[in-house]
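The values are calculated or read from the model by the stated rules, or taken from the named source; none is laboratory data. Being a predicted model, the structure only gives us computed values, none of them experimental. Note that we place each Cβ from the backbone using ideal geometry, even for glycine, and neighbour counts take in every protein chain shown.
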Amino acid sequence: MRLLLDHCVDRGLVSSFPGHEVKTALEMGWEELKNGDLLAHAASDFDVLITTDQNLRYQQNLSKLPISVLEINSQNTRMHILQSLSPFFEAAIAEAKNHRFVALYADGRIEVIA
């Protein structure tokens, strides 16, 4: 799958998604785009946007998202915390493939939001 890491996700996390094509918003030249514009741009090139922005679900119409979103919902966005969730990434991406918005929590629980 083609995955895009949002601005707020440490780019070091790219290696945590083996077997996937992963780019960052910075690599794509989209670092200045806000959520709605970023989602629109990403939709043509990517399957899933990975974010740690816990407000995105409240700022967008989830049923009309142009791309699936995986929200990593952790206590903070430090690299070692995010990497500790890597055993759950594959299952979360699989869920995101079938739904518009999925949240992955620190305990490994995956919640389908939309």
Item to check | Of all residues in region 44-76 being within 12 Å of the chain's Cα centre (by Cα) and hydroxyl-bearing (Ser, Thr, Tyr), the one that is surrounded by the fewest Cβ atoms within 10 Å (Cβ to Cβ) | outcome: Thr52
Checklist entry - Can you tell me how many residues in region 41-60 are of a type outside the set (S, T, N, Q), within 17 Å of Glu71 (Cα to Cα) and not in a strand (DSSP E or B)? => result 8
Checklist entry - Any residue at all in region 33-40 that is under 14 Å from the mean Cα position of the chain (by Cα) and either part of a strand (DSSP E or B) or among the polar types (S, T, N, Q) (or both)? => result yes
Checklist entry - Does region 77-114 hold any residues that are touching a residue at least 40 places away in the same chain (Cβ under 8 Å), among the aliphatic types (A, V, I, L, M) and either in a loop (DSSP other than H, G, I, E, B) or surrounded by fewer than 18 Cβ atoms within 10 Å (Cβ to Cβ) (or both), and which are they? => result Met79, Ile113, Ala114
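Only one of Leu70, Leu65 is at pLDDT below 95 and under 19 Å from Ala92 (Cβ atoms). Can you tell me which? Break it down into steps so the answer makes sense when it comes.
Working: Leu70 fails: at pLDDT below 95.
Result of the check over Leu70, Leu65: Leu65.
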